[in-house]
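Enquirer: Quick one: the structure is below, and I'll ask about it shortly.
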Amino acid sequence: MESAEYHQALALLHWQIELGVTESICDMPVNRYEVPSVVEKPKPAKPAGGAAFPTFTDVDPVAEAERAAKGAQSLEELRAAMYAFEHCELKRGARNLVFSDGTPGARVMIIGEAPGRDEDREGRPFVGRAGQLLDKMLAAIDMGRAHAQAPVYITNVLPWRPPQNRDPKPDEIAMMKPFLARHIELANPEVLVIVGNWSAQALLGKRGITRLRGQWTQALGLPALPMFHPAYLLRSPEFKREAWADLLELKAKLSRG
Ligand code: URA
């Protein structure tokens, strides 16, 4: 028979869902107000009879990322290298590595910023509301993902969802950039589409998408077109006109060859 405690807990859960809670982080509740009676100092770990193991503070995560990324000879190997990369804190809070979608080898590679909640759940980039708008935008120039052989390949600067969708931090961008650069090399697109400010920061070293959008530039040796992020267009639909102009510019560039 189910106990009163069970029904109380269930009622509490329903109440939290009504308040808007969408996720629970741990299986067990954590009392963050509890003061531990003894605070242990972390001891450096030592192998038997030898010097201390290197701690993460001894490791340069960017150099590690470069080494891991360079070692990948295919997109599958790159995905595996990113999956195994332990230096980015975001990995610990994310459900899934969000690697890519679309057709590897497509002429156009779209670089978004970071997964949101829906992408984190599905492990695919741009599947939430912003992604649906991106799909409509691409379909309008006959380049949607619904095509059997989608004429685009899509990834993000960061493969893990930042908590509460906060902005990426500069050190997170810096440590994941070698993977992004290798991803672009292996996917071998003709042009890049850089969506949003954080993607512009990662690939062009600057933000200010309102100024940058619609102007062809170079990123990692490839022609690159910065555009407004579809999430921004959802909040500010008055800028869809500019986004449309940029899509037409992309289409024109592809037909120029
Ligand atoms: N926004 C992004 O930049 N990327 C995604 O995958 C989803 C939303």
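The values are calculated or read from the model by the stated rules, or taken from the named source; none is laboratory data. As the structure is a prediction and not an experimental result, all values here were calculated from the model. Positions of Cβ are backbone-derived with ideal geometry, glycine not excepted, and every protein chain shown enters the neighbour counts. Each accessible area value is taken on the protein alone, full model and side chains, heavy atoms only, with ligands, DNA and RNA left out. Shrake-Rupley method; radii C 1.70, N 1.55, O 1.52, S 1.80 Å.
Enquirer: Hey, can you tell me all the residues within segment 124-167 that are part of a loop (DSSP other than H, G, I, E, B), among the β-branched types (Val, Ile, Thr) and within 9 Å of the ligand (Cβ to nearest atom)? Steps first, answer last, please.
Expert: Looking only at segment 124-167, we keep the residues that are part of a loop (DSSP other than H, G, I, E, B), and these are 124-128, 141-151, 157-162, 166-167.
Applying the additional criterion that residues be among the β-branched types (Val, Ile, Thr) yields 127, 141, 157.
If the condition is that a residue be part of a loop (DSSP other than H, G, I, E, B), among the β-branched types (Val, Ile, Thr) and within 9 Å of the ligand (Cβ to nearest atom), then Val127, Val157 are the ones that fit.
Enquirer: Then there is this: Name the pairs whose Cβ atoms lie under 9 Å apart, with the first residue in segment 88-102 and more than 13 Å from Val157 (Cα to Cα), the second of a type in the set (Lys, Arg) and not in a loop (DSSP other than H, G, I, E, B), and 6 or more positions between them or separate chains?
Expert: The qualifying pairs are Arg95/Arg121; Asn96/Arg121.
Enquirer: Further, regarding this structure: Can you give me the ranges of the helices (runs of 4 or more DSSP H) entirely in segment 168-237 with at least 3 residues that are open to solvent by 50 Å² or more (accessible area, probe 1.4 Å) and under 26 Å from Asp118 (Cα atoms)? Outline the logic, then answer.
Expert: Working: elements: 170-187, 197-204, 209-212, 230-235.
Fully inside segment 168-237 and qualifying: 170-187, 230-235.
Enquirer: When you look at Asp142, is it open to solvent by 20 Å² or more (accessible area, probe 1.4 Å), under 30 Å from Ala252 (Cα atoms) and acidic (Asp, Glu), yes or no? Break it down into steps so the answer makes sense when it comes.
Expert: Values: open to solvent by 20 Å² or more (accessible area, probe 1.4 Å): yes; under 30 Å from Ala252 (Cα atoms): yes; acidic (Asp, Glu): yes.
It is true that Asp142 is open to solvent by 20 Å² or more (accessible area, probe 1.4 Å), under 30 Å from Ala252 (Cα atoms) and acidic (Asp, Glu).
Enquirer: Now, a different point. Within segment 148-167, can you find the residues that are open to solvent by less than 70 Å² (accessible area, probe 1.4 Å) and either of a type in the set (A, V, I, L, M, F, W, C) or touching a residue at least 60 places away in the same chain (Cβ under 8 Å) (or both)?
Expert: Ala150, Val152, Ile154, Val157, Leu158, Pro159, Trp160, Arg161, Pro162, Pro163
Enquirer: Here's something else I'd like to know. Here are some conditions: (1) more than 18 Å from Arg166 (Cβ to Cβ); (2) touching a residue at least 24 places away in the same chain (Cβ under 8 Å); (3) open to solvent by 60 Å² or more (accessible area, probe 1.4 Å). Ala69 meets all but one. Which one does it not meet?
Expert: Tallying (1) more than 18 Å from Arg166 (Cβ to Cβ); (2) touching a residue at least 24 places away in the same chain (Cβ under 8 Å); (3) open to solvent by 60 Å² or more (accessible area, probe 1.4 Å), Ala69 fails exactly one: (3).
Enquirer: Of all residues in segment 111-123, count the ones that are open to solvent by 10 Å² or more (accessible area, probe 1.4 Å) and either more than 8 Å from the ligand (Cβ to nearest atom) or free of Cβ contacts under 8 Å to residues at least 24 places away in the same chain (or both). Lay out the reasoning, then the answer.
Expert: Kept after step one, since they are open to solvent by 10 Å² or more (accessible area, probe 1.4 Å), are these residues of segment 111-123: 113-114, 116-119, 121-123.
If we keep only those that are either more than 8 Å from the ligand (Cβ to nearest atom) or free of Cβ contacts under 8 Å to residues at least 24 places away in the same chain (or both) too, we end up with 117-118, 121-123.
The number of residues fulfilling the criteria is 5.
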